[in-house]
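A.B. asks: Dropping the structure in here first, questions after.
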Amino acid sequence: MSDPRIIVMECLRYHPERDTEPYHQRFEVPFTPEMSVLEGLQYIKDHLDGSLTFRWSCRMAVCGNCGCMVNGEPVLSCQTFLRDYHPECVRVEPLDHFPIQRDLAVDPADFLDKLQQVAPYLIPAQDRIPEDGPYRQTPEQMQDYLDTSACINCLLCYAACPQYGLKADFLGPAVLALAHRYNADSRDAGRARRMEVMNGDAGVWGCTLVGRCSEVCPKGVDPAGAINRNKPAAALDTLRRLLQSGRTCTP
Amino acid sequence: MTALRTHTRSMKGWWRRHPAYRQYLLREATSVVIGLYALCLLWGMTALLLGPGAHDVWRACVQSLPGRAFHLLALAAFSWHAWTWFRLLPLTVAPLRLGRYRITQTLVHRAALGAWALASAALLVAAAGGLR
Ligand code: SF4
Ligand code: FES
């Protein structure tokens with residue numbers, strides 16, 4: 001095999017105890033055609049600078065940990081290949097719109113808080129015990145939510161959504177897509193509870209259909225679709241509440 | 001536990017970061033031109049109510065050079081808005097089924113474009129009939 005070629009990887013660096021501002025640092029990385037950006041980062045950590053910080057786990061686009069901006073695009077670094085950038089330099093930065101904790105690692109706390117708000121789990125109409133047997137669902141019913149259930153919480157859609165960057169309280173693409181995933185599940189009865197959050201100030205109306213979230217999603221979740229298909233339901237919910245408040249208010 | 005110090009990046013100039021953001025802003029901006037065009041039509045209809053004098057003034061204005069330029073701009077704005085909006089339309093429609101078949105997003109997109117072309121053609125034919 002021929003000698004590995006060299007690619008310049010420019011990484012954003014930020015160590016809170018040392019730096020007041022982030023800055024870029026260049027590394028020359030030998031690479032072979034099958035090396036991913038993640039493997040490039042691992043080479044830097046193992047051979048050039050052990051203090052470079054980044055997250056990863058599965059190396060196979062499953063865990064959702066390794067998301068970062070590569071030349072301005074939010075991607076999973078484990079399924080993005082250095083060969084596609086050579087001979088240009090590849091610039092690796094933390095996911096946009098999230099606070100930087102250290103180098104390429106962002107703080108996902110805001111996403112996790114918001115995820116809890118939409119109760120991303122089955123809320124059955126009646127409590128069940130194992131003796132009740134398994135839930136039954138037809139393949140057609142499963143199709144209604146299957147796409148959205150593929151979300152791996154990688155946050156690429158958040159890095160692609162300018163509304164999330166501009167409006168700190170917006171629940172954002174994946175949280176709303178996951179709320180839709182459970183609403184669309186025939187075994188679930190939690191729609192009314194989730195609607196309070198989805199139709200609130202930070203809910204579906206915060207989306208202005210930029211549409212980038214669906215383009216960058218590595219799992220084909222289509223969060224923009226999930227959000228916008230909930231707008232008619234949210235509008236009906238507002239109407240219902242208006243009618244109810246009209247009925248209950250005294251002259 | 002003390003909270004970790006983090007660095008928050010600014011959103012200044014966010015639209016410069018990706019062509020898709022600029023296309024989105026352009027789509028939103030075309031709404032302003034479309035709104036102005038609606039006002040122009042409203043003015044024409046009011047002029048029609050007010051009488052021949054007012055209507056002639058309105059016609060002279062829309063047939064002037066700036067009036068024609070505005071109409072060309074409005075046509076471009078409408079076309080861009082319709083094109084980009086219809087591309088996103090499937091995202092706003094719940095998955096549709098015809099019996100056992102799912103209607104794909106591509107089909108929704110194409111149907112919308114077809115309806116747009118038909119409506120525009122019908123309008124052109126009607127306008128040509130009115131001019132004769
Ligand atoms: S919706 Fe897609 S991009 Fe967003 S977190 Fe889930 S898998 Fe990642
Ligand atoms: S390392 Fe798990 S998704 Fe990339």
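Since every read-out is calculated from the coordinates, none of them should be taken as a lab result. Source: prediction; values computed, not measured. No Cβ is skipped: glycine too gets one built from the backbone with ideal geometry, and neighbour counts run over all protein chains shown.
A.B. asks: Let me know the number of lysine pairs in the protein assembly as shown closer than 20 Å at the Cα, not counting same-chain pairs under 8 apart.
C.D. replies: Going through the protein assembly as shown pair by pair, I get 4.
A.B. asks: Working from Cα positions, state the angle (0 to 90°, nearest 10) between the long axis of helix B:19-50 and the longest principal axis of chain B.
C.D. replies: In chain B, helix B:19-50 runs at an angle near 30 degrees to the longest axis.
A.B. asks: With a point put 7 Å past each Cα toward its Cβ, work out how far A:Asn71 is from A:Leu239 in nm, to one decimal.
C.D. replies: Using points 7 Å along Cα→Cβ, the separation is 4.8 nm.
A.B. asks: What is the fewest-to-most order of A:Thr80, A:Thr53 by other Cβ atoms lying within 10 Å of their Cβ?
C.D. replies: By the 10 Å Cβ count, ascending: A:Thr53, A:Thr80.
A.B. asks: Hey, got the average number of other protein chain Cβ atoms within 10 angstrom for residues in B:4-16?
C.D. replies: Mean number of neighbouring Cβ atoms from other chains: 5.
A.B. asks: Also, I was wondering about something else. Mind ordering B:59-68, A:22-31 by average Cβ neighbours within 10 Å, highest first?
C.D. replies: Packing proxy ranking, top to bottom: A:22-31, B:59-68.
A.B. asks: How far is it, in nm, from the label point at A:Gln126 to the one at B:Leu113 when both lie 7 Å from their Cα along the line to the Cβ?
C.D. replies: 5.1
A.B. asks: If I take R0 = 22 Å and measure r between the Cβ atoms of B:Leu42 and B:Ala76 in this structure, what FRET efficiency does the formula 1/(1 + (r/R0)^6) give, to the nearest 0.05?
C.D. replies: 0.55
A.B. asks: If we count other beta carbons within 10 Å of each Cβ, what is the order of B:Leu73, B:Leu118, A:Leu171, A:Leu52, fewest first?
C.D. replies: Taking fewest neighbouring Cβ atoms as first place, the list is B:Leu118, B:Leu73, A:Leu52, A:Leu171.
A.B. asks: Each label point is 7 Å from the Cα along the Cα-to-Cβ direction; what then is the distance between the points at A:Ser186 and A:Gln143, in nm?
C.D. replies: 1.2
A.B. asks: Could you work out the mean count of beta carbons from other protein chains within 10 Å of each residue's beta carbon in A:216-226?
C.D. replies: 2
A.B. asks: Something else: When DSSP beta bridges are limited to those with both residues in the protein assembly as shown, what percentage is antiparallel, rounded to the nearest 5?
C.D. replies: Percent antiparallel among DSSP bridges in the protein assembly as shown is about 90.
A.B. asks: Can you compute the FRET efficiency between A:Ala168 and B:Leu49 using 1/(1 + (r/R0)^6), with r the Cβ-Cβ distance and R0 = 51 Å? Round to the nearest 0.05.
C.D. replies: Taking R0 as 51 Å, the efficiency between A:Ala168 and B:Leu49 is 0.55.
A.B. asks: Hey, fewest Cβ within 10 Å first, where do B:Trp116, B:Trp83 land in order?
C.D. replies: Neighbour counts put them in this order, fewest first: B:Trp83, B:Trp116.
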